[in-house]
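Read-outs throughout are calculated quantities, based only on the coordinates presented, and are distinct from any laboratory measurement. What you see is a predicted model; the values in this text were computed from it and never measured. As a convention, Cβ positions derive from the backbone with ideal geometry for all residues, glycine included, and neighbour counts pool all protein chains shown.
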Amino acid sequence: MLSSSIKRSICSAARRSAVGAAQRAPVSLRLATANRVVSSRTYASKVVQFTADSYPNVKRDERFSQLEDKDLEFFKSILPETSIIQDEGDLLSYNEDWMRKYRGQSKLTLKPKTTEQVSQILKYANERKLAIVPQGGNTGLVGGSVPVFDEIVLNVSNLNQIRSFDSTSGILKTDAGVVLEVADQYLAEQGYIFPLDLGAKGSCHVGGIVATNAGGLRLLRYGSLHGTVLGLEVVLPDGRIVSSLDALRKDNTGYDLKQLFIGSEGTIGIITGVSILCPSRPKSVNVAFLGLESYDAVMKTFVKAKNELGEILSAFEIMDVNSQILNEHHLKQSHPLEDKHAFYVLIETSGSNTTHDEEKLNTFLESAFENEIINDGVIAQDETQLKNLWTWREGVSEASQIGGGVYKYDCSLPLEHYYKLIDAVRNRLTENGLLGETEEFPVIDAVGYGHIGDGNVHLNVAVRRYTKEVEKVLEPFVYEWVSEHKGSISAEHGLDFKIRNSTILDKRGRDYFVQKAIVFTSQDTEYIAAARRGGSIQIYKSCYNSNWELIYVYGNNLNFGNDSEDHFVSLIYRDDCLHSCSCLGKVVIQNLSPILNENHTNDLSLLNYLSISVASPVSCFKLHPLHRWVAISGGKDREMEINDFYALTHFWKMKHTSSIEDLYLDKYDSDTKWVQDFLIIEATSVNSKHMNLVVASKFGKLMCFDTGVSMYPLDSLDIPVNKMFQLDDFKILCLDSFNNMNLINLRNFKVEQSWNDIETGPLASIDLQRESNGDFLLAIGGKDSIKCYQLEPQFNKYKVTPLKKFNMKKGSICSSISIITT
Ligand SMILES: Cc1cc2nc3c(=O)[nH]c(=O)nc-3n(C[C@H](O)[C@H](O)[C@H](O)COP(=O)(O)OP(=O)(O)OC[C@H]3O[C@@H](n4cnc5c(N)ncnc54)[C@H](O)[C@@H]3O)c2cc1C
């Protein structure tokens, strides 16, 4: 039945079909849920916990300074009094995010009025090492707009002037702090429209949407900000102002640097001005709100709408019935459609000819009703009704969080899996006894809605309170589910605090895949250290129920390995310190003793972390077995170096000794070769950095050196080695680049035994460990599988027996392998 609150109904033929279809429609399980009495739900109010308390593993980076009186004096000298907020009550709204999930402890918010003031603040903060959080309208949904600790909030809402508008080209130049709706209203007066719209338009800023590369409701029609933003004015962290505001629509004279800032979430600069291309405001806008009984019907309607509405289709939004129940509770209005439907769709058309557009929409709807794809629907008659219908879509965000809070996930998925995510999560929450109608259940409901035209689904888990229990059931489940179904875990909201601090798998495993992982034991507890692409290192602790709990993440804010092109080549755990080395030569020694053992005191206790650069590129990195501050690394062009990182009182410094101890490997061979692996055969004493080395280069030679005697090899053998292990005092095992395994006798430096085709396919990682009976266990990781072999010493030889094969997820490559002895 059509809603009486909307005056103009869909034509009579369509209405008849709609009524008939509604009566005939099978009542699905979801409809049964929908019939719950909304008012019986109970909602709780809450105080927002400090983020630092909710995430105790996230630590303040002690390299940042604390705010001092002299800093305030400086800010007072450049800003008017009204631009400096210090009052605890007034600071609350700048410290808390929109979802009321994250709460920082900032003691200062600065609200500059000019780009020059932003520049002065950043220059000073950079020199003083004061942490800054850029903030726009504070409507972001991933916790990025508020501090975690005591960072200064730099809020740009006083940068709120429209700078210029060219009514011929449609180019708007504006301050970053102009509210989106204000910009759109200004454009409406000129006959233009802002090419993006979203539910938070009354609060979010033009700069904020650019910083997050927001997608919004009309991406289907006007495309992404990467296309419409023409230029930006940005203040870099050191205070430099860079501007491309005068950019032309077509300009190929060099790199398009502004693209870096679109979606950079305030990490590389503060946007102070935006130049954006705005389209003419459509003269005719129609909105239809439809009820459908299945996701399949939604898909059919979408395809039909694209085919039949073509160029005038400007939005196609989906909402499930549970999202509308939350909305009814929140808006306290009757729903536009009287009966409950499993799904609702909002279709918007925007064009220039009212009669033509209306006709097109009506024909489309009539045919959809007649074919029983849609069951009910209404069309807005005027601007007020149009806005009202949009409320039922835009209100879902707010409606989801008023019960106490909301866990929000913003994913892109192939359309065949789009809604299955919501079902999977609702089932999981129910199975775990967390979702229910009454106060004892933390979860009110899991609802789905979004921009189906862009494959972007929003999953909102509305809760009465935030609990670790709910979080553990949701994460990493949601991320893994999305990853498995070839989706993206952040379609438009960004990464920021929420996702950066999650144990996530990225879409298709590209961005966060584990490059190196080791298992280590401290105080009888086992830990895993996993180094991921992008520079972060995660420490997991083994728990009693054989799960692994993520207890600490570092790396992303230490400014090492951040380059996504960099690669971790080594992770070594020694004396409560984790040593990591990347291909670009960044060595970071992180003291883990405060995390592994609170009572632990040793001479490292004053060291939080130490970051050193060694000559790059590095392909292997190891520590001296006895002298823990000596590290050996090898890389391209046969270069090796031995570095000594030593202590001066309570500071740790690196002494570069390469000029004395550099080894020139096979100088006369002109081909470029990489040191692929090396073994430290004998390390004379703790006080000596001299040692005997066996060095292997890929596609080249195996050489032995005595670093105390010579920089030239004492002996060499033509064998292209990938990886080596020492079996006993005189025998080493080498895996060569052609998947052969060779036993080398160090006494005569000759191959003693050889096995062919030990692993077919690319050999990506390998580990060897001696068992208690003297045999060895060898694990080889390649594509799709891991293979294990046993090496049994028999007189002077070794017998190799294949033991077991473990299949991994198809298409994956085992990049790191570590045998755990139990
Ligand atoms: C009801 C509701 C509906 C929403 N709907 C959508 C939607 O449909 N599509 C969508 O994509 N998003 C949506 N969002 C989230 C969206 O990301 C934000 O609303 C908006 O893009 C952020 O703008 P803001 O000015 O509020 O930025 P903030 O929330 O203040 O900041 C967001 C991030 O950008 C950074 N930042 C802010 N301003 C600047 C600046 N000038 N320079 C550098 N960095 C800056 C912050 O540090 C932070 O990391 C919605 C949010 C709400 C509350």
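Quick notes on this structure:
- A Förster radius of 56 Å, combined with the Cβ-Cβ distance separating residue 353 from residue 63, puts the computed FRET efficiency at roughly 0.35.
- Radius ratio Rg over Rh of the stretch 366-406, counting only Cα atoms, Kirkwood formula for Rh: 1.18
- Relative contact order (percent, whole number), the stretch 204-350, Cα cutoff 8 Å, 6+ residue spacing: 27 percent
- Count Lys and Arg as plus one, Asp and Glu as minus one, and take only other residues whose Cβ is under 15 Å from that of residue 249; the net charge is then -1.
- Charged-residue dipole, Cβ positions (Lys, Arg, Asp, Glu), the stretch 163-277 about Cα centre, Debye nearest 20: 200 debye
- Among 737, 323, 772, the order by Cβ neighbours within 10 angstrom, fewest to most, reads 772, 737, 323.
- Residues residue 729 and residue 440, FRET efficiency given R0 of 56 Å [Cβ-Cβ distance, rounded to 0.05]: 0.30
- The stretch 719-822: radius of gyration and largest Cα-Cα distance (Dmax), Å: 13.5, 43
- Between residue 812 and residue 166, residue separation times 0.36 nm minus the direct Cα-Cα distance comes to 227.3 nm.
- Antiparallel %, DSSP beta bridges [both residues in the stretch 51-155], to 5: 35 percent
- Counting neighbouring Cβ atoms within 10 Å and putting the fewest first, the residues 588, 406 line up as 588, 406.
- Normalised by the number of residues in the stretch 163-277, the mean separation of alpha-carbon contacts (under 8 Å, six or more apart) gives a relative contact order of 33 percent.
- Rounded to the nearest 20 debye, the dipole magnitude of the stretch 719-822 is 220 debye, with +1 charges on Lys and Arg beta carbons, -1 on Asp and Glu beta carbons, and the Cα centre as origin.
- Extension gain, residue 386 to residue 685, is 99.5 nm, computed as 0.36 nm per intervening residue step minus the present C-alpha separation.
- Taking the fewest neighbouring Cβ atoms within 10 Å as the starting point, the ordered list for 184, 575, 150, 729 is 729, 575, 150, 184.
- Reciprocal mean inverse distance between Cα atoms of the stretch 163-277 - Kirkwood radius, Å: 14.1 Å
- Judged by the mean number of other Cβ atoms found within 10 Å, the most tightly packed of the peptides 618-631, 268-281 leads the ranking 268-281, 618-631.
- FRET efficiency, residue 50 to residue 737 (Cβ-Cβ, R0 60 Å, nearest 0.05): 0.65
- Only Cα pairs under 8 Å and 6+ residues apart enter the sum, and on that basis the relative contact order of the stretch 51-155 stands at 33 percent.
- Theoretical gain in end-to-end length, residue 334 to residue 402 [0.36 nm per residue, Cα-Cα removed]: 22.6 nm
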